[in-house]
Amino acid sequence: MRNPRRKFVSKRTKKQNLNKYGFEFFSMFIAIIAAFALNNWNDNRKENHSENNILTEISNGLKKDLLDVKANKEGHVNGISSVKYFKRVLNEQPVGQDSLKRHYFNLTRDFVSIQNVAGYETLKSQGLEVIKNDSLRHQIISLYEYDYKALLKLEEEYPELQFQENYFNEINLAFAPSLNFDKNGEIVGIANRLNLAKNKKQELQVLLWKMQFNRNFILNFYNDVEVKIKKTIENIDLELSKK
């Protein structure tokens, strides 16, 4: 005859074992989920850290670019001022002799566009999707891939804007005979009357007009790029403040 007590103990043992295995399985399940969640958290943290670093680097580069934009804009403004100075010279109007040397230098001065692209190159190497904000990512891409490249070509490659190469020789040939020099060879003034034929004066007027027009053209482009740089910095700072 079977022992009912033994049967009861056996059922209780099985139930305990099932509870034990169930608890162990549940514990393992929780551990796996926790490990997966922790791994995702670590990945997200690393991605956010990488995004923050890249955005900070881009922002710092853009702030330096603003200084170069400001300097080049000032240079072109000075170039326009020099154009107006030599228009007065051609029209035999009174000009300040002390400022002649400065205007002669600024008249055909060229500039280079210095762009800090290290942050953007880092972004491209790690993948543009590092920046999660679609609008900000497109704004940054447009600035570097279109506006900066266009500015570089205009300032350094576009023939119309190469003032030294295109205009200096002809202007120098026309004005140099009327310049006055001191004993050290420094320019100190220019004759009140230029020994130039009427048609030559008109040719120079056209050159000066063209130079002024082209400097105004590049200035307008600089102004547009400056606005975009400032807006991009503002949006980057806003994005970083959310982190």
**Q.** Residue satisfying all of: in the stretch 73-91; surrounded by 17 or more Cβ atoms within 10 Å (Cβ to Cβ) and of a type in the set (Val, Ile, Thr); farthest from the chain's Cα centre (by Cα) among these
**A.** VAL89
Q) What are the residues in the stretch 127-149 that are surrounded by 15 or more Cβ atoms within 10 Å (Cβ to Cβ) and either of a type in the set (Asp, Glu) or assigned to a helix (DSSP H, G or I) (or both), if any? A) VAL130, LEU136, ARG137, GLN139, ILE140, ILE141, LEU143, TYR144, ASP147, TYR148
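If I ask for residues that are within 17 Å of LEU67 (Cβ to Cβ) and touching a residue at least 60 places away in the same chain (Cβ under 8 Å), which ones from the stretch 110-146 would you list?
As a first pass, look at the stretch 110-146 and keep what is within 17 Å of LEU67 (Cβ to Cβ): 111-119, 143.
ALA118, GLY119, LEU143, listed by residue number.
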Q. Can you pull out the residues in the stretch 95-109 that are without any contact (Cβ under 8 Å) to a residue 24 or more places away in the chain, in a helix (DSSP H, G or I) and more than 22 Å from ASN214 (Cα to Cα)?
A. ASP98, SER99
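Residue-by-condition table, conditions (1) part of a helix (DSSP H, G or I); (2) among the hydrophobic types (A, V, I, L, M, F, W, C); (3) closer than 30 Å to SER125 by Cα; (4) at pLDDT 95 or above:
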position	(1), (2), (3), (4)
LYS20	yes, no, no, no
PHE23	yes, yes, no, no
ALA34	yes, yes, no, no
GLU51	yes, no, yes, no
ASP68	yes, no, yes, yes
VAL83	yes, yes, no, yes
GLN93	no, no, no, no
Q | Exclusive hit being farther than 19 Å from TYR148 by Cβ, under 23 Å from the mean Cα position of the chain (by Cα) and either modelled with pLDDT of 90 or more or in a helix (DSSP H, G or I) (or both), set ASN235, ASN214, ASN172 | A | ASN214
(Q) I'd like to know if the stretch 184-196 contains one or more residues that are farther than 26 Å from VAL112 by Cα, exposed (fewer than 10 other Cβ atoms within 10 Å of the Cβ) and of a type in the set (S, T, N, Q). (A) yes
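The values are calculated or read from the model by the stated rules, or taken from the named source; none is laboratory data. Nothing here was measured: the structure is a model prediction, and the numbers come from that model. A quick note on method: Cβ atoms are made from the backbone with ideal geometry, for glycine too, and the neighbour counts reach across all protein chains shown.
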